[in-house]
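Asker: Here it is: the structure, laid out below.
Bear in mind these aren't lab numbers, they're just calculated from the coordinates by the rules spelled out. Values in this document were obtained by computation on a predicted structure and should not be read as measured data. FYI the Cβ positions are ideal-geometry reconstructions off the backbone, even for glycines, and counts take in every protein chain you see.
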Amino acid sequence: MSQDITILGGGVAGLAMASEFLAKGAGVTVIDPAGRPGEHACSWWAGGMLAAECEGALAEEPVVRQGRKAAQWWADQGVEITHNGTLIVASGRDQSELMTFARRVPAAQWLDAAQIADLEPHLAEQFTRALFVEREGHMNPRPALTSLYDRLAASGVQFVTKGASRGQVIDCRGLAARSDLDGLRGVKGEMVIVRTPDVQLARPVRLLHPRFPLYIVPRGDGVFMLGATQIESGERTRATVRSVMELLNAAYALHPAFGEAELLEIGVDARPAFSDNQPRIRRIGDRIYANGLFRHGYLLAPALARMTALMVIEGTEPEDWYEDYR
Ligand SMILES: Cc1cc2nc3c(=O)[nH]c(=O)nc-3n(C[C@H](O)[C@H](O)[C@H](O)COP(=O)(O)OP(=O)(O)OC[C@H]3O[C@@H](n4cnc5c(N)ncnc54)[C@H](O)[C@@H]3O)c2cc1C
C-alpha cells in the first residue's frame with residue numbers, strides 16, 4: 001500500500017517535495033490556505049537563476065554541489081530552461097570585485113572587450129572586461145510554479161486549502177514556520193520588473209558592487225527582472241524608495257537605456273534562511289521540516305525534496321543538511 005504524505009505549503013519547496021514523493025509512489029496531499037501559487041509565496045518573487053557556480057562566490061560548498069543538479073530536475077518537470085551562462089561585470093572603480101569573484105568561482109573565465117561584444121553586443125560600450133560562467137541556466141519562476149502545480153494536480157496530487165493531515169507531515173511553510181524552527185530568520189528581498197525595447201540581453205548579468213550588487217534576468221519581449229536587495233529583516237511587504245532607487249541606479253549603470261524603461265512591477269518578500277544560509281531537513285517529533293532555502297529556492301528545492309523523499313520512503317539519511325531533534 002502506498003504511504004500517505006501531507007505537505008504543508010505549496011511554494012517551490014512544497015511543490016518540489018510533492019513531485020519527489022509522487023515519483024516514489026506516495027499518496028500526496030498539499031495543504032496551502034492560499035491555494036494556487038501566487039504572490040503570497042516568497043517563491044513568486046524569485047529571479048529564477050540556476051547559477052550554482054556563481055553562488056559559490058559566497059555560498060558554502062554543498063550549495064554549489066547540490067545546486068548543479070537543479071537545471072536538469074526542472075527540465076525533467078517540463079520547465080523551459082535557457083542555458084546561456086552568466087555574465088559578470090563591474091564598473092571601472094569596482095574592478096577589485098571582479099578579481100575577488102574570479103578567485104572564488106573557478107568556473108569563471110575572463111572575457112575581453114571583443115568577447116563581451118560577441119556575447120552581449122548591448123554591453124560592449126560599457127564594459128571592456130568581464131567574467132563568464134558557461135555552465136549555467138535560468139528560468140521564469142512563475143510559469144514554472146504554475147505548470148508544476150498543474151502537472152502534479154493532473155498526476156493525482158491533492159491540493160486543498162484546509163483539512164486534516166494524513167500520514168507523514170512534511171512542513172514546507174517557509175517563513176510561516178518560523179515559530180517552530182529555532183534560528184530561522186527572514187532576509188528581505190526587493191525586486192523590480194521593467195520593459196524596454198532598447199536593451200537586448202541573452203543571459204542573466206550580474207553587476208558586482210560592494211554595497212548594491214544587482215542581477216538582471218531577461219524574460220523575453222524586452223522584459224527584465226532586476227534583483228534583488230538582501231536586507232536582514234523578516235518584513236514581507238513595503239518595498240522602500242531607497243531600495244528601488246538602488247536597483248534602478250544599478251540597472252542604469254549597466255545600460256543607460258534602462259533610464260527610459262517602463263516600470264511594470266515592484267515586488268518584495270522575505271527569504272526564509274538559517275544563520276549559515278544553507279537549508280535544513282529538520283525532524284522535530286513526528287514532523288519533518290524542509291526550510292531555509294534563502295536565495296536558493298529554485299536551485300536547492302529539488303535536492304532538498306529528493307533527500308527528504310529518500311529518507312522517508314527508503315530510510316536513507318540525507319547526505320547534507322539533516323538535523324534530528326527527536
Ligand atoms: C526578490 C527575491 C529574489 C529571489 N531570487 C531567487 C533566485 O533567483 N533563485 C532562487 O533559487 N531563489 C530566489 N529567491 C529565493 C526563493 O524565492 C526562496 O528561497 C523560496 O521562495 C523559498 O520557498 P519556500 O517554498 O520555502 O517558501 P514560500 O515560497 O514562501 O512558500 C511557503 C508556502 O507556505 C504557505 N503557507 C503559509 N502558512 C501556511 C500554513 N499554515 N499551512 C500551509 N501552508 C502555509 C504559503 O501560502 C506559501 O505558499 C528570491 C527571493 C526573493 C524575495
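Asker: Which one of Val205, Pro302, Thr29 is farthest out on the positive end of the charge dipole of the chain, using unit charges on Cβ (Lys, Arg +1; Asp, Glu -1) and the Cα centre as origin?
Answerer: Farthest towards the positive end: Thr29.
Asker: Determine the distance separating the Cα centre of region 29-71 from the Cα centre of region 261-275; give it in Å without decimals.
Answerer: 13 Å
Asker: Quick one: what are the phi-derived ³J(HN,Hα) couplings along region 46-53, Karplus 6.51/-1.76/1.60 with θ = phi - 60°, whole Hz, x for glycine and proline?
Answerer: Along region 46-53, the couplings run 6, x, x, 7, 10, 10, 4, 5 Hz.
Asker: Could you run the Karplus curve 6.51 cos²θ - 1.76 cosθ + 1.60 with θ = phi - 60° over region 244-260 and give me ³J(HN,Hα) per residue in whole Hz, x for Gly and Pro?
Answerer: 5, 4, 5, 5, 5, 4, 5, 5, 5, 5, 5, 7, x, 5, 5, x, 9
Asker: Just going by the charge dipole of region 229-282, with Lys and Arg at +1 and Asp and Glu at -1 on Cβ, which of Gly259, Pro279, Met245 is farthest out on the positive end?
Answerer: Working it through, the farthest residue towards the positive pole turns out to be Pro279.
Asker: With a ≥ b ≥ c the root eigenvalues of the C-alpha gyration tensor of region 235-326, is it rounded (a/c under 1.5), prolate (a/b larger than b/c) or oblate?
Answerer: prolate
Asker: What is the packing order of peptides 241-247, 51-57, 22-28, taking the mean over residues of other C-beta atoms within 10 Å and listing the highest first?
Answerer: 51-57, 22-28, 241-247
Asker: Relative to the longest principal axis of the C-alpha atoms of the chain, give the angle of the C-alpha long axis of helix 297-309, reported between 0 and 90° and rounded to the nearest 10°.
Answerer: 20 degrees
Asker: Here's a follow-up. Quick one: Cα centre-to-centre distance for region 160-203 and region 213-250, in angstrom?
Answerer: So the separation of the two Cα centres works out to 16 Å.
Asker: Quick one: putting +1 on the C-beta of Lys and Arg, -1 on the C-beta of Asp and Glu, what dipole do you get for region 73-131 around its Cα centre, in Debye to the nearest 20?
Answerer: In total the dipole reaches around 320 debye.
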